[in-house]
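The values are calculated or read from the model by the stated rules, or taken from the named source; none is laboratory data. Because the structure is predicted, anything quoted here is derived from the model rather than measured. Quick reminder, even Gly has a Cβ in these numbers, built from the backbone with ideal geometry, and neighbours come from all protein chains shown.
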Amino acid sequence: MTIISNKVHYVGTNDRKKHLFENNWPLPYGVSYNTYLIADEHPALVDTLEYGSDNDYLKRIDNILEGRPLEYLIINHLEPDHSSMIGEILRAYPQVTVVGNCTTFKLLENYYSVPAEQKLEVMDGSTLNLGHHVLTFAWVPWVHWPETMVTYDTTDKILFSCDAFGGFGSLDGGIFDDQIDFDRNYLTEMRRYYSNIVGKWSDKVQLAFKKLAGLEIKIICPSHGPIWRENPAKVLDLYNKWSTHQAEKGVVIIYASMYGNTEKMADAIGRALAEEGIKNIHTFDVSTTHVSYLINEIWEYSGLILGTCAYNGQMHPMMHHLVHEISVANPQNKTIALFGSSSWNAAGVRTLKKSLTDIKQPFLENALEVSGVTTDEKLAGVKEFAKAFAEALK
Ligand code: FEO
């Protein structure tokens, strides 16, 4: 049993079986579904977890409640990684009152049948008195779905923030920020989670920050990743940095290469950038690195250089996929340059330019291009290319 604060229990679980979050994002270090039981005079459960991820979930709740019925089920967010045990909760506690906002209940109808008398629709700023703990609710739409809200415990100053301030990675023993080496074991995975899952909604994250600005927050209980009780300011700062598109100085070079010529260009560009004094240079083959890791790197650094060979009169399909994901995640304030090779026409770089223009990602006009085999002679312009990029990066 893990107690977070007076009568507030962690009842979440780890999922190390799932290979792909949302059947899309690799989970090499797993993920946690955090859910919280406030065993107050009127017991309330804050969110649930993914169906099938933990057979002992109901037993754990029942043990803490010692036979008392659960009175409230608070739904901060309806994505099934937090909501797909709602049916089981309704079966175990048929009298439970389900707490959500108007959008929650509109969407909930698509999943579960809850009698009208068991729905408690809360407004932005409504309160719910559990006995000792008094909760308020703040709507934070699109962090991560339109119905999403956060729950704030005014008694112990706990923010149950759902997807906000969460990250990938199972909780391996330590569940609190003071029990883990966050920078070593969670930081990168949290940024990968942010950039791929939440990043598209960065402006909404900023609106949420404004809404929560007046609250005294002692503990942050997200629905994924560590609970922040020692230094909640750290995760607030990280999310603020990422949602305002602040990046570290450095360059991510990502290339698509069929027979090695575009790859040689990528390496030559990296060398030339290093000669220009740039120290953080990370080069990736788009075909061998899952796109979520590339988006994560793009979010971290201010510079981005994309290269593609020509392929069937287009850019390489894997580069096409990356550009699509960039259009979805929509990173901002990047210095972008392009390069590529071709055999009979320059369709790769040409279509790459068109796609970036279409998604409103500005780039330096002068691309580095090679036809056929990449030789030192054909790369004569790389120094100038790197110099112009380094200058733009400043
Ligand atoms: Fe963790 Fe948007 O669900």
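Out of (1) under 30 Å from residue 27 (Cβ atoms); (2) touching a residue at least 40 places away in the same chain (Cβ under 8 Å); (3) surrounded by 15 or more Cβ atoms within 10 Å (Cβ to Cβ); (4) not polar (S, T, N, Q), the odd one out for residue 268 is which?
(1)
Is it the case, given these coordinates, that residue 161 is assigned to a loop (DSSP other than H, G, I, E, B), at pLDDT 95 or above and closer than 20 Å to residue 82 by Cβ?
Working: assigned to a loop (DSSP other than H, G, I, E, B): no; at pLDDT 95 or above: yes; closer than 20 Å to residue 82 by Cβ: yes.
When the stated conditions are applied, residue 161 does not pass them.
Looking at this structure, is residue 166 within 15 Å of the ligand (Cβ to nearest atom) and part of a loop (DSSP other than H, G, I, E, B)? Break it down into steps so the answer makes sense when it comes.
Details: within 15 Å of the ligand (Cβ to nearest atom): yes; part of a loop (DSSP other than H, G, I, E, B): yes.
Answer is yes for this residue.
Go through the residues of the range 201-219 one by one and say whether even a single one is more than 15 Å from the ligand (Cβ to nearest atom), in contact with a Ser or Thr (Cβ under 8 Å, 6 or more places away or on another chain) and closer than 15 Å to residue 158 by Cβ.
There is at least one residue in the range 201-219 that is more than 15 Å from the ligand (Cβ to nearest atom), in contact with a Ser or Thr (Cβ under 8 Å, 6 or more places away or on another chain) and closer than 15 Å to residue 158 by Cβ.
Could you identify the single residue in 90, 107, 128 that is within 19 Å of residue 70 (Cα to Cα) and in a helix (DSSP H, G or I)?
Numbers: 107 fails: within 19 Å of residue 70 (Cα to Cα); 128 fails: in a helix (DSSP H, G or I).
On inspection, the qualifying residue turns out to be 90.
Any residue that is under 23 Å from the mean Cα position of the chain (by Cα) and farther than 20 Å from residue 363 by Cβ - is there at least one of those in the range 304-316?
no
Would you say residue 54 is within 16 Å of the ligand (Cβ to nearest atom), of a type in the set (Asp, Glu) and closer than 21 Å to residue 156 by Cα?
Details: within 16 Å of the ligand (Cβ to nearest atom): yes; of a type in the set (Asp, Glu): yes; closer than 21 Å to residue 156 by Cα: no.
It is false that residue 54 is within 16 Å of the ligand (Cβ to nearest atom), of a type in the set (Asp, Glu) and closer than 21 Å to residue 156 by Cα.
Hey, can you tell me all the residues within the range 285-303 that are in contact with a helix residue (DSSP H, G or I) (Cβ under 8 Å, 6 or more places away or on another chain) and closer than 24 Å to residue 372 by Cβ? If you could, list the steps in order and put the result at the bottom.
Of all residues in the range 285-303, those in contact with a helix residue (DSSP H, G or I) (Cβ under 8 Å, 6 or more places away or on another chain) come to 285-287, 291-296, 298-300, 302-303.
The answer is 285, 286, 287.
Please pick out the residue among 204, 200 that is of a type in the set (Lys, Arg), surrounded by fewer than 21 Cβ atoms within 10 Å (Cβ to Cβ) and within 12 Å of the chain's Cα centre (by Cα).
Values: 204 fails: within 12 Å of the chain's Cα centre (by Cα).
The conditions single out 200.
Could you list, in sequence order, the residues of the range 214-237 that are more than 15 Å from the chain's Cα centre (by Cα) and either at pLDDT below 95 or surrounded by 23 or more Cβ atoms within 10 Å (Cβ to Cβ) (or both)?
Hits for the range 214-237 are 214, 220, 221, 227, 228.
So, in the range 106-115, exactly how many residues are more than 16 Å from residue 72 (Cβ to Cβ), loosely packed, with under 12 Cβ neighbours inside 10 Å and not polar (S, T, N, Q)?
If we filter the range 106-115 for residues that are more than 16 Å from residue 72 (Cβ to Cβ), which is where we start, we get 106-107, 109-111, 113.
Adding the requirement that they be loosely packed, with under 12 Cβ neighbours inside 10 Å leaves 109-110, 113.
From the residues that got through so far, the ones that are not polar (S, T, N, Q) too are 109.
Number of matching residues: 1.
Suppose we keep only residues that are buried (at least 17 other Cβ atoms within 10 Å of the Cβ), among the hydroxyl-bearing types (Ser, Thr, Tyr) and away from the ligand (no atom under 15 Å from the Cβ) within the range 152-163. Which one would you say is nearest to residue 32 (Cα to Cα)?
Looking at the filtered set, the residue picked out is 152.
Being acidic (Asp, Glu) and either free of Cβ contacts under 8 Å to residues at least 24 places away in the same chain or not in a helix (DSSP H, G or I) (or both) is the requirement here; does residue 172 meet it? Walk me through it before giving the result.
Numbers: acidic (Asp, Glu): yes; either free of Cβ contacts under 8 Å to residues at least 24 places away in the same chain or not in a helix (DSSP H, G or I) (or both): yes.
Criteria met by residue 172.
Test of understanding: among 320, 316, which residue is closer than 27 Å to residue 344 by Cβ, at pLDDT 95 or above and surrounded by fewer than 22 Cβ atoms within 10 Å (Cβ to Cβ)? Can you show your working first?
Numbers: 316 fails: surrounded by fewer than 22 Cβ atoms within 10 Å (Cβ to Cβ).
After ruling out the rest, the residue left standing is 320.
Take the range 87-145 and flag every residue that is among the polar types (S, T, N, Q), at pLDDT 95 or above and within 16 Å of the ligand (Cβ to nearest atom). It would help to see each step written out before you state the result.
So the first thing to find is which residues in the range 87-145 are among the polar types (S, T, N, Q), and the list is 95, 97, 101, 103-104, 110, 113, 118, 126-127, 129, 136.
With at pLDDT 95 or above added as a condition, the list becomes 95, 97, 101, 103-104, 118, 126-127, 129, 136.
Matches in the range 87-145: 101, 103, 104.
Within the range 58-86, how many residues are part of a helix (DSSP H, G or I) and away from the ligand (no atom under 16 Å from the Cβ)?
First pass over the range 58-86, keeping only residues part of a helix (DSSP H, G or I): 58-65, 80-83, 86.
Those left that are additionally away from the ligand (no atom under 16 Å from the Cβ): 58-65.
Result for the range 58-86: 8.
Considering only the range 37-57, state which residues are surrounded by fewer than 22 Cβ atoms within 10 Å (Cβ to Cβ), of a type in the set (S, T, N, Q) and under 15 Å from residue 97 (Cα atoms).
The answer is none; no residue qualifies.
What pairs come out if I take residues in the range 369-394 that are surrounded by 12 or more Cβ atoms within 10 Å (Cβ to Cβ) and pair them with residues that are at pLDDT below 95 and not in a loop (DSSP other than H, G, I, E, B) whose C-beta lies under 7 Å away, six or more apart or interchain?
From the range 369-394, the pairs are 371/342.
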